[in-house]
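Laboratory data are not the source of any read-out in this text; all were calculated from the coordinates shown. This is a predicted model, so every value here is computed, not measured. When we count neighbours, we look across all protein chains shown, and the Cβ atoms used for this are built from the backbone with ideal geometry, even at glycine.
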Amino acid sequence: MYVQVHVATHELDSWEKTVMTVPPKLLCFEDSMDLIAKLPTVAATIYRNLYRDGTSIGAIDPAKDWSANFTAMLGYDDPQFTELMRLYLTIHSDHEGGNVSAHTTHLVGSALSDPYLSFAAGMNGLAGPLHGLANQEVLLWVTKLRAETGDDVTEDQLKEFIWKTLKSGQVVPGYGHAVLRKTDPRYTCQREFALKHLPDDKLFKLVAKLYNVVPGILTELGKVANPWPNVDAHSGVLLQYYGMTEMNYYTVLFGVSRALGVLSSLVWDRALGLPIERPKSMSTEGLQKLVGASAAKAA
């Protein structure tokens with residue numbers, strides 16, 4: 001199958017100068033590779049302009065890997081932070097297709113929108129607080145806990161604070177997952193990294209204590225399908241330790257990482273020739289009949 005598309009390359013001044021007939025799967029692959037290559041540069045420039053002195057990010061070093069170049073462009077030279085970024089960008093890259101950013105990228109791409117438009121749509125989904133602000137909410141909650149209890153918090157103090165959170169109608173941020181029913185392996189990876197590189201960090205110790213207490217309380221509550229920590233329960237603490245304290249930037253890191261997964265999937269969508277997504281719709285009357293039938297069956 002072939003499709004007419006507008007192509008923007010370094011030889012062209014604008015999208016309107018040419019229309020080429022090319023295989024969509026080939027164009028999708030080239031655009032995805034181009035986008036993945038350029039994202040760290042764009043993200044690092046944003047970081048330096050917002051939180052640093054706005055100086056140049058410097059030249060890309062071909063001898064360094066993707067993550068090492070990214071941390072260098074951000075302005076960090078700690079090898080451990082580079083290693084953390086390798087871990088972070090790997091574990092946040094993909095997590096099945098049902099989450100908002102992954103599904104949105106697939107949905108828009110199914111209309112043969114190019115990877116730039118599809119990924120931008122996914123990032124608009126990630127910008128929603130229920131999706132992209134999870135690790136920030138964890139960090140704010142842990143910081144509040146620390147401010148109230150101090151660094152030498154006891155298990156009883158932890159339980160009291162957790163129950164206070166739950167009784168106020170809130171959830172314990174960083175715990176539970178829509179799909180997983182055990183400890184998120186991405187959490188475990190970060191925990192192992194912390195045990196190796198920052199075992200005495202006070203925030204990490206607090207997160208570790210929560211790991212020993214929260215699941216039991218949520219199990220006792222009886223309304224939680226998964227009482228175990230997810231990836232967001234740990235990532236903010238690690239970034240804080242290495243000096244990246246600008247929480248509003250964390251979602252940008254998430255987006256850079258997520259590009260690896262969603263764009264790889266988009267290339268496969270094109271290669272397999274998957275059709276445009278068209279979910280089934282239901283009327284209110286149809287939903288009422290469905291609920292009524294289920295209620296009658298249960299009775």
* **Helical segments meeting 27 Å axial Cα length and Kyte-Doolittle 0.0 threshold in the chain (DSSP H)** => 24-51, 202-221, 250-272
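If each residue's Cβ is checked for other Cβ atoms within 10 Å, how do 71, 154 rank with the fewest at the top?
In increasing order of surrounding Cβ atoms, one gets 154, 71.
Considering only the other residues whose Cβ falls under 13 Å of the Cβ of residue 249, what net charge follows from Lys and Arg at +1 and Asp and Glu at -1? Could the numbers behind the result be given before it?
Details: positive: 48, 52; negative: 246.
Value of the local net charge: +1.
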* To do: Over the alpha-carbon set of the stretch 181-232, divide Rg by the Kirkwood Rh and report the Rg/Rh ratio to two decimals.
  => 1.01
* Cα-based Rg / Dmax (Å) for the stretch 93-166 -> 18.6, 55
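Once Rh is set to the Kirkwood radius over Cα pairs, what Stokes-Einstein translational diffusion coefficient, in µm²/s, holds for the chain at a temperature of 10 °C and a viscosity of 1.306 mPa s? The partial results should precede the final answer.
Values: Rh = 21.8 Å.
In µm²/s, the coefficient is 73.
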* Asked: By the scheme Lys and Arg +1, Asp and Glu -1, what is the net charge of all other residues having a beta-carbon under 13 Å from that of residue 109?
  -> -2
* To do: Taking 7 Å along the Cα-to-C-beta vector as the label spot, tell me the residue 42-residue 197 distance in nanometres, rounded to one decimal.
  => 2.6 nm
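Arrange 159, 164 by Cβ neighbour counts within 10 Å, fewest through most, would you? Display every interim value, and only then the final one.
Numbers: 159 14, 164 11.
Fewest-to-most Cβ neighbours within 10 Å comes out as 164, 159.
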* Structure fact -> In vacuo Debye sum over C-alpha of the stretch 133-242, base-10 log of normalised intensity I(q)/I(0) at q = 0.10, 0.11, 0.12, 0.18 Å⁻¹, listed in q order, is -0.25, -0.30, -0.37, -0.86
* Structure fact -> Two pseudo-spin positions, 7 Å from Cα along C-beta at residue 182 and at residue 61, lie apart in nanometres by 3.9 nm
* Structure fact -> Listing 266, 272 by rising number of other beta-carbon atoms within 10 angstrom, fewest first, gives 272, 266
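Viscosity 0.692 mPa s, temperature 37 °C: Stokes-Einstein D of the stretch 24-181 from its Kirkwood Cα radius, in µm² per second?
Values: Rh = 18.8 Å.
In µm²/s, the coefficient is 174.
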* Asked: Cα centroid distance between the stretch 101-146 and the stretch 24-99, in Å?
  -> 17 Å
* Asked: Can you list the residues, at least 5 places off or on another chain, whose amide H is less than 5 Å from the amide H of residue 175, using H built in the peptide plane?
  -> 230
